[in-house]
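Visitor: I'd like to ask you about the structure that follows.
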Amino acid sequence: MRKILKSKLFKQSLIYGMTNAIYSGLPLILLPFLVVILEPEEYGKVDLFRSLSSVFIPILGLSAVQSISRFYFDLDEKSFKEFVSSIQIFQLVTSIFALIILYIFKPLVSIDDFQLIFFCILYFFFNQFTESLLIVFRVKDNAIHYLYVRTFNIIVEIGLLTIFYFIFSEFTWILRVLPTVIACFLTAIIAFLYFKRFNYHFEFNLSSLKKALIYSLPLVLHMLSGYILNIGDRFLIRYFLNDKELGNYAVAYQIGVAISFFYTSFNLAWTPTFFRLMKEKKIEMINKVRILVYISMICLAILILFCWIILSPYLLSNSNYNISLQIIFIILIAYTILSFYKFESNFFMFNKNTKKLSFYTALSAGISILLNILLIPRIGILGSAYSALVSFSIIFLLVKFSKHNEEIA
């Protein structure tokens, strides 16, 4: 354990942890501010923007960016640059196509829905372009440059949000979403300059794209199913209940999902290291890291629960939000279990067994949808919390029982 704490992995995890906890956890950090200035209905729309933006990654991008970290270890430098460039050009084309389709069907959707989808498409492309650079930084162990890019995005978004707050007298969901989209656009420009500096020529290679899609296409089902597990309940809450209940659940969800923010921060550094350890067949080292991760996530969940118990009376005292401690408790347990699943799923990624992983995720997502449909009309947003707990537990057990075969594959 002492060796782990002194390792390069631990040091990089601290860098990734600081930046990703702020970047991915920005909705949680801004939560006390947003529950004061936004009504539950408006906060629900902000949450829908985040949810729909995530869904576009497998729909428009076919999850191709996910292949970059894996193929770095299989390709030479020139081929790898063509590989990354081909993915970026592909996603530019799909984004333009999506905007054209949106404008064709504009008369059929409401103004709010049109604006929501429009912002989501723009955010998808800018975000995925930047993410491809950040993945390159990770596989090359360039944590400092990763820190620079993420920090720039965070500073711009918070700066714009502050400016909008003081300029506009009435704060709506659009004024919360616009800083995110604009900051992502400016960060994508920084990413473009980085790529030019590293001699990426943005050449399209069909063979490279085929390699990426063969690997990532099974991940489309995996990621779509994963998003159904994580965000499908939002749309069902909106359908069965209303925007106010969606806003209440979104706040509870942000508290519980803090577990996921911290694990994701660790996993940014862990994934390339995990691939190297698997190539060297150092399973014992991986098992030691697993123990540390499991204990850390459980302790973190307990800490977050106590923080919520202490702070919630002050956060919600002058607002229209109604969030029970029971929902927070259930979601915290669910996302602790989900972090365990994410750790074990790395074995499937290394062995390129994305089809089996996708099947497990799809099965769990189907169970989640069924439970939400059955429970939300009966017990409201508490039903979504129970659905998350059951479906996350099922997918963890499926992956855990199959993991041994993946270790020795």
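The values are calculated or read from the model by the stated rules, or taken from the named source; none is laboratory data. The model shown is predicted, which means the values in this text are computed figures rather than measured ones. Using ideal geometry, Cβ is built from the backbone for each residue, glycine included, and neighbour counts are taken over all protein chains shown.
Visitor: Check 121, 87, 111, 104 and return the single one that is among the β-branched types (Val, Ile, Thr) and under 17 Å from residue 53 (Cα atoms).
Guide: 121
Visitor: Consider residue 86 against the criteria (1) loosely packed, with under 15 Cβ neighbours inside 10 Å; (2) closer than 18 Å to residue 204 by Cα; (3) at pLDDT 90 or above: it satisfies all of them except one. Which criterion is unmet?
Guide: For residue 86, the exception is condition (1).
Visitor: Check off (1) at pLDDT below 80; (2) outside any helix (DSSP H, G or I) for residue 281 and give me the number that stays unchecked.
Guide: Tallying (1) at pLDDT below 80; (2) outside any helix (DSSP H, G or I), residue 281 fails exactly one: (1).
Visitor: Inside the stretch 296-409, counting only helices (runs of 4 or more DSSP H) that do not spill past its ends, which hold 2 or more residues that are free of Cβ contacts under 8 Å to residues at least 12 places away in the same chain and surrounded by fewer than 22 Cβ atoms within 10 Å (Cβ to Cβ)? Break it down into steps so the answer makes sense when it comes.
Guide: Details: elements: 325-350, 354-379, 381-407.
By residue number, 354-379, 381-407.
Visitor: I'm trying to understand the selection: among the residues of the stretch 40-86, which are in contact (Cβ under 8 Å) with a residue 12 or more places away in the chain and either among the basic types (Lys, Arg) or not in a helix (DSSP H, G or I) (or both)?
Guide: 45, 50, 61, 62, 63, 70, 72, 73, 81
Visitor: Select, from 263, 249, the only residue that is closer than 29 Å to residue 35 by Cα, touching an Asp or Glu at 6+ places or on another chain (Cβ under 8 Å) and in a helix (DSSP H, G or I).
Guide: 249
Visitor: Name, by its number, the condition in (1) closer than 22 Å to residue 91 by Cα; (2) buried (at least 18 other Cβ atoms within 10 Å of the Cβ); (3) modelled with pLDDT of 90 or more that does not hold for residue 156.
Guide: (1)
Visitor: Of the residues 119, 114, which is more than 20 Å from residue 193 (Cβ to Cβ) and in contact (Cβ under 8 Å) with a residue 24 or more places away in the chain?
Guide: That would be 119, the only listed residue that is more than 20 Å from residue 193 (Cβ to Cβ) and in contact (Cβ under 8 Å) with a residue 24 or more places away in the chain.
Visitor: Cβ-Cβ below 7 Å, separation at least six or inter-chain, first residue in the stretch 270-283 and free of Cβ contacts under 8 Å to residues at least 12 places away in the same chain, second part of a helix (DSSP H, G or I) and surrounded by 13 or more Cβ atoms within 10 Å (Cβ to Cβ): which pairs?
Guide: Sorted first by the residue in the stretch 270-283, then by its partner, the pairs are 277/285; 277/286.
Visitor: What number of residues in the stretch 43-82 are closer than 30 Å to residue 30 by Cα, touching a Ser or Thr at 6+ places or on another chain (Cβ under 6 Å) and of a type in the set (A, V, I, L, M)?
Guide: So in the stretch 43-82, the residues closer than 30 Å to residue 30 by Cα come out as 43-61, 63, 65-66.
This time we only want the ones that are touching a Ser or Thr at 6+ places or on another chain (Cβ under 6 Å), so: 60, 63, 65-66.
Right, trim to of a type in the set (A, V, I, L, M) and you get 60, 65.
Looking only at that region, the number is 2.
Visitor: Filter the stretch 127-140 down to residues that are under 21 Å from the mean Cα position of the chain (by Cα) and among the charged types (D, E, K, R) and give me whichever is surrounded by the most Cβ atoms within 10 Å (Cβ to Cβ).
Guide: Restricting to residues being under 21 Å from the mean Cα position of the chain (by Cα) and among the charged types (D, E, K, R), the top hit is 138.
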